[in-house]
1. Going by what's in this entry, would ALA47 be described as of a type in the set (A, V, I, L, M), without any contact (Cβ under 8 Å) to a residue 60 or more places away in the chain and closer than 11 Å to ASN132 by Cβ?
2. If LEU23 satisfies every condition in (1) closer than 17 Å to ALA93 by Cα; (2) within 22 Å of the chain's Cα centre (by Cα) but one, which is the exception?
3. Would you mind finding the one in GLU153, GLU162 that is at pLDDT below 60 and among the charged types (D, E, K, R)?
4. Can you go through LEU114, LEU124, LEU138, LEU78 and tell me which one is modelled with pLDDT under 80 and not hydroxyl-bearing (Ser, Thr, Tyr)?
5. Mind listing whichever residues of region 70-81 are touching a residue at least 24 places away in the same chain (Cβ under 8 Å) and either buried (at least 20 other Cβ atoms within 10 Å of the Cβ) or touching a helix residue (DSSP H, G or I) at 6+ places or on another chain (Cβ under 8 Å) (or both)?
6. When residues of region 100-140 are filtered for being more than 20 Å from LEU34 (Cβ to Cβ) and crowded, with 20+ Cβ neighbours inside 10 Å, how many remain?
7. Can you tell me which of (1) at pLDDT below 95; (2) under 28 Å from the mean Cα position of the chain (by Cα); (3) part of a helix (DSSP H, G or I) is the one ILE5 doesn't meet?
Amino acid sequence: MNFDITPAHLHLMLNHIPIIGILVASFPILIGILAQCRTTIAAGLLATLLCAAAMPTIMESGSKAAHAYKDGSLLPALDEAGKAALHMHASRADKTTPVVYASALLAVLALLALIKFPIAARWLALAVLLGNAGAVLLAVWTADAGGRIRHLELRPPTPWDEPAKNMVVPLSKEPTPPTVISSETPTSSTSVVVPEASSSPSETAPEASSLTNK
């Protein structure tokens, strides 16, 4: 088996931590604040720090994967929409990362305050909770652009897709089959085919005159 992990693989494995990890870390903080339990708050704060500790690796692997796309070493190559999504993903990641680090810094202060100042620690934990909520929202916003790099179904419809969607294909006209009159009796079955066009009087006139001469 080949376990050659590229920066793109590593980025795909870790980039869910700012969403799922920080979201899960927020629950102990909330429960600890409501229950006034310092141990539960500390568990959520430590989990927040672990999630923030993964951000340098996430950003570094994402940057290397972007350069691999640009120099053509990562195949298949991106189309124009994919390149635009890659640029948007990188720009949004640069806005999300400082919020994650700010929330981690507040988590450190809250952990230190838990030792001597439990009331202040609860207020700092509440600030961490709000910071985590903002970080998760920004991470989802960033992931939305990242999904558009390769997944065509995640891209918004373009204006030139609408005519194809609303195009009506005309139905082909089929020739009308001749009418068949079926007459059935207990002993026999007779079918009479009615032609589409009747014979003209000029075609039947010679036949009538020939019969009278006979």
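1. Against the criterion (of a type in the set (A, V, I, L, M), without any contact (Cβ under 8 Å) to a residue 60 or more places away in the chain and closer than 11 Å to ASN132 by Cβ), ALA47 qualifies.
2. Exception for LEU23: condition (1).
3. Being at pLDDT below 60 and among the charged types (D, E, K, R) holds for just one of GLU153, GLU162, which is GLU162.
4. Among LEU114, LEU124, LEU138, LEU78, only LEU78 is modelled with pLDDT under 80 and not hydroxyl-bearing (Ser, Thr, Tyr).
5. If the condition is that a residue be touching a residue at least 24 places away in the same chain (Cβ under 8 Å) and either buried (at least 20 other Cβ atoms within 10 Å of the Cβ) or touching a helix residue (DSSP H, G or I) at 6+ places or on another chain (Cβ under 8 Å) (or both), then LEU74, LEU78 are the ones that fit.
6. Restricting attention to region 100-140, the residues satisfying the condition of being more than 20 Å from LEU34 (Cβ to Cβ) are 100-102, 104-105, 108-109, 112, 115-116, 134-135, 137-140.
Narrowing further to those that are crowded, with 20+ Cβ neighbours inside 10 Å: 100, 104, 135, 138-139.
Total meeting the criteria: 5.
7. (3)
So that you can scan it fast, the table gives a plain yes or no per residue for (1) among the polar types (S, T, N, Q); (2) at pLDDT 90 or above:
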| site | (1), (2) |
| --- | --- |
| LEU34 | no, yes |
| ALA54 | no, yes |
| GLY72 | no, no |
| ALA85 | no, no |
| SER91 | yes, yes |
| SER103 | yes, yes |
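The values are calculated or read from the model by the stated rules, or taken from the named source; none is laboratory data. The shown structure was predicted, so the numbers you read here are calculated from the model rather than taken from an experiment. Note that each Cβ is placed from the backbone with ideal geometry, even for glycine, and that neighbours are counted across all protein chains shown.
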